[in-house]
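Contents: one structure, followed by commentary.
Laboratory data are not the source of any read-out in this text; all were calculated from the coordinates shown. These numbers were taken from a predicted model, which means no experiment stands behind them. Cβ placement follows ideal geometry from the backbone for every residue including glycine, while neighbour counts extend to all protein chains displayed.
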Amino acid sequence: MIEVMFVRNSDKGFILYRMFLLLFLSSLIMSSCSSSRMSADAHVSAEKDPAFSSSFLPEQSSPLSDHTVPEQVPGPLYRAESLAAVLSDAAIPDTLAPVTANRLPVGAVVDIDSDGNDDAIVLCVSKNARDRALSLLSKEIRLYGDEYDAVEVSLLILRYVSSGTFSEPSFSAEVLKLGVFRVVKDFTLIDLGRGMPPAFEILAMNENSTVREWLIIGPKVSRLSLLESPKKKSVVTDIDNDGVMDVIMQDKVFEEGAGEETFLSWYRWNGEQYTEYSSTNIVRNLNSFLLQVSSLIERKNWSRFVRYALVSRVQASINEQNLRSDQVFRKVFIPAHSGISVAVDNIRTIKFQEILENPFTDTGRRIQLSCKITTDRELFFSVGVELSQNPFIQPQYNLVWNSKM
């Protein structure tokens, strides 16, 4: 009996021992899990907060020194649905009012500074202007009617200013005064060539002149006035074939005893603005060219005549064919009447008609001039003269070679 009781007491002790062991092991497991969870939570917190210090983490955790903080992602680029949408977001100076066409503001949405965000250009008049519609401002009757007021015209430049990802877009405003005009004909975006900033042209008029105003808008704004009047003219062309448009300004000036001279000025883009690059004249240089041609022929200096008066392609052809002086003469000088011929060795004088004004105004770059050649009699011929495509480099003129003659 005592033995049985002992066995039972031993069983109870064994059971209590096992229960105590299980509780102890469970406590260890829970402690380990809690420690692991705390370590993981600390690591996540560190990832969320780059300022979290790795010194606060247990040694067994991944060191934050190897963790790269991701770069801040910029907000989306600003893309305007329309010019009107930009104006709804931007603050327009209270002294200005946009010019309108079909009830919409006149201007353009462009990326001025190449940052990927849309900026805006708006044509404006003063707020107290009676007429704001381009359909009214463009009428040329405004030049003569006393009931029409001249308007002060300005260009409003709205540059997008980054204001954060979630805030409303904002713009910096710059006002460029263009002048006071009676008529505003047009405002257009123009292409000035490869790599050029956005550019605009405003066409306006006053009583005695027409103004074409160029506005090239980049980090800095540059402008160029292309005056148009009976004495002034501007031609836009890529004269040096560099892919960027040049401006040739013609200015007619009366000179006592010489007639009406035409001065040419070449304006070229220098990376920031258009500046005068070179200048020349038409009438004086043409008369000097013809005088030298006459002198060379009268002195029978045909080799020098070929080099001076004819283009290099023609010079090469003459040398290849070994043409004589009389053959060269017949290719250049066309008799006024059929059947006229001249022996070049008998030429005493040659006199071209005097040039008193620019003869290239409406005829392009090529003209026909008459000349009188004196041998033992007087003979009349015509000769073609061509203005170089780039009149600012030498030779400015050459005589026309008639290959079919």
Report summary line: Projected convex hull area of segment 171-298, Cα atoms, direction-averaged, in nm², equals 11.1
Query raised in the report: By the scheme Lys and Arg +1, Asp and Glu -1, what is the net charge of all other residues having a beta-carbon under 15 Å from that of ILE393?
Result: -3
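Kirkwood Rh, segment 83-229, all Cα pairs: how many Å?
Mean inverse Cα-Cα distance, inverted, gives 16.0 Å.
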Query raised in the report: Taking Cα pairs under 8 Å and at least six residues apart, what relative contact order does segment 83-229 come out at, in percent?
Result: 18
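If the limit is 32 Å between Cα atoms, which of LYS233/LYS300; LYS300/LYS404; LYS232/LYS331; LYS127/LYS231; LYS231/LYS351 go over it?
Too far apart for the 32 Å limit: LYS233/LYS300; LYS232/LYS331; LYS127/LYS231.
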Query raised in the report: Three principal axis extents, largest first, for the C-alpha atoms of segment 287-399, in Å?
Result: 38, 34, 24
